[in-house]
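Written out below as structure tokens is the structure these notes cover.
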Amino acid sequence: MKKRREHRIPLKEQMLALLEVMKPISGHRDFIFPSDRDPKKPCNSQTANMALKRMGFAGRLVSHGLRSLASTTLNEQGFNPDLVEAALAHVDDNQVRSAYNRTDYLERRKPMMSWWSGHIEEAAKGSLSVTETRQLKGITECPYQTILSTS
């Protein structure tokens, strides 16, 4: 991941179900999101940005903005900022602290990732605003609902 450091993510049932759906789409290759030019390599770092553009978000949202959205939402929900930063694979700017604290907080991140997965699932159904403070109108069905409810 960033700075060539390993980054472990505690995946929850919803995400694992989506990844299972993607396996046949990717041709059961080594990478679930392979490069379109060389399937033996991962997709380009700009692939997500191009997908967002094709979905109509050009000039309004980039993939890094999704990371910002996650950070803001998780911090607003009161999760420990160290856990949020670890989830985003951020390295502590404090060099002394960084030298001594080498944990990735994997076990402590599990409840946060479980909350995040549930939050995304509810938002995909159109039932939550980003800050979960009000109900939204619009989307009545989640296209991934059958995938997400099978776990």
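Rounded to the nearest 20 debye, the dipole magnitude of segment 1-116 is 380 debye, with +1 charges on Lys and Arg beta carbons, -1 on Asp and Glu beta carbons, and the Cα centre as origin. Converting the Cα gyration tensor eigenvalues of segment 1-61 into ellipsoid dimensions via √(5λ) gives semi-axes, longest first, of 20, 16, 16 Å.
How far is the Cα center of segment 3-24 from the Cα center of segment 64-103, in Å? Value for the Cα centre distance between the two parts: 19 Å.
All of the numbers you see were taken from the coordinates with simple rules; none came from a lab. Just so you know, these numbers come straight off a predicted model, no measurement behind them. Every residue, glycine as well, gets a Cβ built from its backbone with ideal geometry; the counts of neighbours run over all protein chains shown.
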